[in-house]
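Trainee: The structure's right below; bear with me while I get my questions together.
The values are calculated or read from the model by the stated rules, or taken from the named source; none is laboratory data. Nothing here was measured: the structure is a model prediction, and the numbers come from that model. Cβ atoms come from the backbone with ideal geometry, glycine included; neighbour counts cover every protein chain shown.
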Amino acid sequence: MENDVNAMPVYAPVAPGEVMEPIGRKIQDHALSRGTQPALISDQGTVSWRTLITQVNRIANRLRSAGLRKGDCVAALSENSADYVALYLGTLTAGGCMVPLSGMASAEALGLMLKDCRAQFLFVSPKNRDLLSAFRVGLPSLPDNRIIALGEHGEGIGPDLPEWLGKEPADPQPVELSLDDPFNIIYSSGTTGTPKGILHDYRFRQRQMVRMSRFGLDGDAINLVSTPLYSNTTLVSVLPTLFHGGTLVIMAKFDAHRFLELAEKHRVTHAMLVPVQYQRILAEADFDRFDLSTFKLKLCTSAPLHADVIANAMARWPGNIREVYGLTEGGISTSLDCAAHPDKWDSVGVPTEGADVRVIDEDGKELPRGATGELVGRAISMMRGYVNRPEQTREMLWTSPDGEVFYRSGDMGRIDEDGFVYILDRRKDMIISGGFNIYAVDLEKVLLAHPAVADAAVIGIPSEQWGETPLGLVVRTGGHDESEAQILAWANTQLGKGQRLAGIEFREELPRSTIGKVLKRELRSPYWNKTVQ
């Protein structure tokens, strides 16, 4: 029988006395208690809590009058905006399951995602009009009157949001929900077939919102949002800010200088950033002239933040940094308090409250501290499963000798004697040269220590002698003229004999996802049609 999003297995244990507080019901109180206080600040202007809740309720009521049932999926393909946030909250208030889609995905992949989740409504920004036209013909089950333009100038999409809302009333009618009801589906990236849909329920999100409020993402937070809403990275900080009645300052697209301007202007207290954003912000020539004194905490996730970047930010940017490591699927959960542990900046911290992280070998046997293997984890927030993919859900599971279910991370790492977790590489990105494992992060750290290297990635390329051999791809720092050969010779003097790079190649930039991850699959692809001696 084909799986339904409401029929996935639940792996997150139920906490004794756990109380359900759906975000759609919770935010209704903010219209009364916070009224004229700003909820959203964006290029569209400032939206008060009272105005936001009015729009949220109108969207929720319109979705229901147009046929949305509890648990139905509402998809959106848009850049960040105040309307997008209102749609997200309106969908949840109506009892729907939100499906944020990436504008970086191909038209084919987007069509497959929409079919996979059986989306009943699709909201598309004008910027994504061409993408829509490329996959629209493959969605005959989604009628034209359920495709709505999210923003102005929506010609060629469907009715725009105000037109679609019409005279819908704004009376609050939040749907009754349980902890097991679907909250959102986040689709993973993929180059072939249908990307995996990661289903989060209300238990997952509520526990996450409570935990993140302990980092100050509460009603007093002014949170600058510069990563896309389709990413779980963004939702980790956005949802608790909204849940507790704080303020979001929304960027449609990240720009380092604009980020600093907005942070100073709006007295920002919090931001969730990815490593490449830290690098670009700190590299701004006039960074030190901006008043960032209101910052209390910057968060970092999606990839490990290098120790030298942490040191630079801690010295020049007010407020603490807390690095967060986890999977969109949940399970793995660690946090590094950078102010409290300056000697552990190469780690991603210790397991968060209620989390258990272990290391296993290729045969699934648990390894002792200090040993390197695949990280597995169990936490208070764990996905319901991959939508319509029970086999792939099962493949992700590791069961401990005492019968507890853990999620496999696909990350190679170790845990030191103090319980701090270190990430070495993605399992699929690990380089096996002459039978020995080489972890790209070790080589990348060496390359990044060279003053001529602004950015670096190490990949495995084919070798007749060794099977694979490491190649360094380097973005050179402005003003430096060192050659590839010079950087290679320097780096190999710093590396062990079994780690040495076969070569260095310069790049103008490294391909990255919209949340800053280096796309190593793209970097490796051209080399596997030829052999390097």
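Per-residue answers, yes or no, for (1) under 30 Å from residue 21 (Cβ atoms); (2) surrounded by 20 or more Cβ atoms within 10 Å (Cβ to Cβ):
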residue	(1), (2)
113	yes, yes
117	yes, yes
120	yes, yes
132	no, yes
138	no, no
144	no, no
150	yes, yes
168	yes, no
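Trainee: For segment 273-301, which residues satisfy the criterion of being touching a Lys or Arg at 6+ places or on another chain (Cβ under 9 Å), assigned to a loop (DSSP other than H, G, I, E, B) and surrounded by 22 or more Cβ atoms within 10 Å (Cβ to Cβ)?
Mentor: Scanning segment 273-301 gives a single hit, 274.
Trainee: Taking only segment 440-493 into account, find how many residues are polar (S, T, N, Q) and under 22 Å from residue 519 (Cα atoms).
Mentor: Selection size over segment 440-493: 3.
Trainee: Of all residues in segment 250-265, which are surrounded by fewer than 17 Cβ atoms within 10 Å (Cβ to Cβ) and in contact (Cβ under 8 Å) with a residue 60 or more places away in the chain?
Mentor: Answer for segment 250-265, where residues must be surrounded by fewer than 17 Cβ atoms within 10 Å (Cβ to Cβ) and in contact (Cβ under 8 Å) with a residue 60 or more places away in the chain: just 253.
Trainee: Hey, another quick one. Can you tell me which residue in segment 362-379 is surrounded by the fewest Cβ atoms within 10 Å (Cβ to Cβ), limited to those that are in a loop (DSSP other than H, G, I, E, B) and in contact with a Gly (Cβ under 6 Å, 6 or more places away or on another chain)?
Mentor: 367
Trainee: Restricting the first residue to segment 205-221 and requiring it to be closer than 20 Å to residue 328 by Cα, which pairs with a second residue that is among the aromatic types (Phe, Trp, Tyr) and surrounded by 21 or more Cβ atoms within 10 Å (Cβ to Cβ) meet a Cβ separation below 6 Å and a spacing of at least six or different chains?
Mentor: Once the first residue is closer than 20 Å to residue 328 by Cα and sits in segment 205-221, its partners that are among the aromatic types (Phe, Trp, Tyr) and surrounded by 21 or more Cβ atoms within 10 Å (Cβ to Cβ) give 205/183; 209/243.
Trainee: Take the residues in segment 464-500 that are polar (S, T, N, Q) and touching a Gly at 6+ places or on another chain (Cβ under 9 Å), then tell me which one is farthest from residue 425 (Cα to Cα).
Mentor: 465
Trainee: Can residue 460 be described as at positive phi and crowded, with 19+ Cβ neighbours inside 10 Å?
Mentor: The answer is no for residue 460.
Trainee: Is there a residue being under 30 Å from residue 500 (Cβ atoms), of a type in the set (A, V, I, L, M) and touching a Pro at 6+ places or on another chain (Cβ under 7 Å) anywhere in segment 368-379?
Mentor: no
Trainee: Mind listing whichever residues of segment 50-96 are of a type in the set (A, V, I, L, M, F, W, C), within 10 Å of residue 24 (Cα to Cα) and assigned to a loop (DSSP other than H, G, I, E, B)?
Mentor: 94
Trainee: Additional query: Sort out which residues of segment 353-368 are modelled with pLDDT under 95 and over 28 Å from the mean Cα position of the chain (by Cα), and write them in order of number.
Mentor: If the condition is that a residue be modelled with pLDDT under 95 and over 28 Å from the mean Cα position of the chain (by Cα), then 363 is the only one that fits.
Trainee: Given the criterion under 30 Å from residue 296 (Cα atoms), modelled with pLDDT under 90 and surrounded by 19 or more Cβ atoms within 10 Å (Cβ to Cβ), identify the matching residue among 207, 211.
Mentor: Checking each option against the conditions leaves just 211.
Residue by residue, here is whether (1) under 27 Å from residue 205 (Cβ atoms); (2) surrounded by 18 or more Cβ atoms within 10 Å (Cβ to Cβ); (3) out of contact with any Lys or Arg (no Cβ under 6 Å at 6 or more places or on another chain) holds:
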| position | (1), (2), (3) |
| --- | --- |
| 327 | yes, yes, yes |
| 344 | no, yes, yes |
| 353 | yes, no, yes |
| 360 | no, yes, yes |
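Trainee: Looking only at residues in segment 58-98 that are of a type in the set (D, E, K, R) and under 25 Å from the mean Cα position of the chain (by Cα), which one is farthest from residue 514 (Cα to Cα)?
Mentor: Checked segment 58-98; the qualifying residue farthest from residue 514 (Cα to Cα) is 72.
Trainee: Exactly one of these conditions fails for residue 409: (1) of a type outside the set (Lys, Arg); (2) buried (at least 19 other Cβ atoms within 10 Å of the Cβ); (3) not in a strand (DSSP E or B). Give me its number.
Mentor: (3) is the only condition that residue 409 fails.
Trainee: A follow-up question, please. Kindly indicate whether residue 424 is crowded, with 22+ Cβ neighbours inside 10 Å and either under 27 Å from the mean Cα position of the chain (by Cα) or at negative phi (or both).
Mentor: Here the answer is no, as residue 424 does not meet what is asked.
Trainee: Restricting attention to segment 171-192, does a residue exist that is under 23 Å from the mean Cα position of the chain (by Cα) and without any contact (Cβ under 8 Å) to a residue 40 or more places away in the chain?
Mentor: So far as segment 171-192 goes, yes, one or more of its residues are under 23 Å from the mean Cα position of the chain (by Cα) and without any contact (Cβ under 8 Å) to a residue 40 or more places away in the chain.
Trainee: Is it true that residue 418 is among the charged types (D, E, K, R), over 30 Å from residue 342 (Cβ atoms) and in a loop (DSSP other than H, G, I, E, B)?
Mentor: Judged against the criteria, residue 418 is not a match.
Trainee: Next question. Looking only at residues in segment 452-472 that are under 17 Å from residue 508 (Cβ atoms) and not hydrophobic (A, V, I, L, M, F, W, C), which one is farthest from the chain's Cα centre (by Cα)?
Mentor: Only one residue tops the list, namely 472.
Trainee: Inside segment 507-520, can you point out the residues that are surrounded by 14 or more Cβ atoms within 10 Å (Cβ to Cβ) and touching a residue at least 24 places away in the same chain (Cβ under 8 Å)?
Mentor: 507, 510, 512, 513, 514, 515, 516, 517, 518, 520
Trainee: Might you check whether a residue that is on the phi > 0 side of the Ramachandran plot, of a type outside the set (A, V, I, L, M) and in contact with a helix residue (DSSP H, G or I) (Cβ under 8 Å, 6 or more places away or on another chain) occurs anywhere in segment 252-273?
Mentor: No, the conditions are met nowhere in segment 252-273.
Trainee: Can you pull out every residue in segment 438-459 that is at pLDDT below 90 and assigned to a strand (DSSP E or B)?
Mentor: Within segment 438-459, just 438 meets the criteria.
Trainee: If you don't mind, another one. For a quick check of your reading of the model, give me the residue pairs whose first member lies in segment 282-310 and is closer than 28 Å to residue 213 by Cβ, whose second is at pLDDT below 95 and among the small types (Gly, Ala, Ser), with beta-carbon atoms closer than 9 Å and at least 6 apart or on different chains.
Mentor: Cβ pairs passing all conditions: 296/216; 297/216; 301/326; 302/231; 302/513; 302/516; 303/516.
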